[in-house]
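Here's the structure we're looking at; comments come further down.
The values are calculated or read from the model by the stated rules, or taken from the named source; none is laboratory data. These figures come from a predicted structure and were not determined experimentally. Note that each Cβ is placed from the backbone with ideal geometry, even for glycine, and that neighbours are counted across all protein chains shown.
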Amino acid sequence: MLALAPVQLLFAYRAVRLLLGAERGERTGRWLDVADSSLNLVVICALGLGSITVLVVAAPVMLAVLTWKGVRDVLSRRATKAAAPATGAGATAGPAD
């Protein structure tokens, strides 16, 4: 497990670099990516070293971050679908009277 830690560290570094270059409206998603990568690193190291205490503390925080990332993804997909104009042969703007 500890062999995966350097790979996860690279993911965390990449997430920080993307966060630093993010525009004002994109920062929340980037912060969640940094938190996700950092917590994954902590969980991998805790599993590799056999530290149950660190795992018990980090796992619920990681679950909250992953849940919030999922909620943001679902909401952004819904917003994209609502904003996309209906195009096609049978698309109508409303009920036909």
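Limited to the stretch 22-76, what total is found for residues that are loosely packed, with under 13 Cβ neighbours inside 10 Å, in a loop (DSSP other than H, G, I, E, B) and modelled with pLDDT under 90?
Residues in the stretch 22-76 being loosely packed, with under 13 Cβ neighbours inside 10 Å, in a loop (DSSP other than H, G, I, E, B) and modelled with pLDDT under 90: 1 in total.
Could you list, ordered by first residue, the pairs with Cβ atoms under 6 Å in which the first is in the stretch 47-62 and in contact (Cβ under 8 Å) with a residue 12 or more places away in the chain and the second is exposed (fewer than 15 other Cβ atoms within 10 Å of the Cβ), at least 6 apart or interchain?
Listed by first residue and then by second, the contacts come to LEU47/MET1; GLY48/MET1; GLY48/LEU2.
Tally the residues that are small (Gly, Ala, Ser) and within 18 Å of the chain's Cα centre (by Cα), restricting the search to the stretch 37-51.
The total comes to 2.
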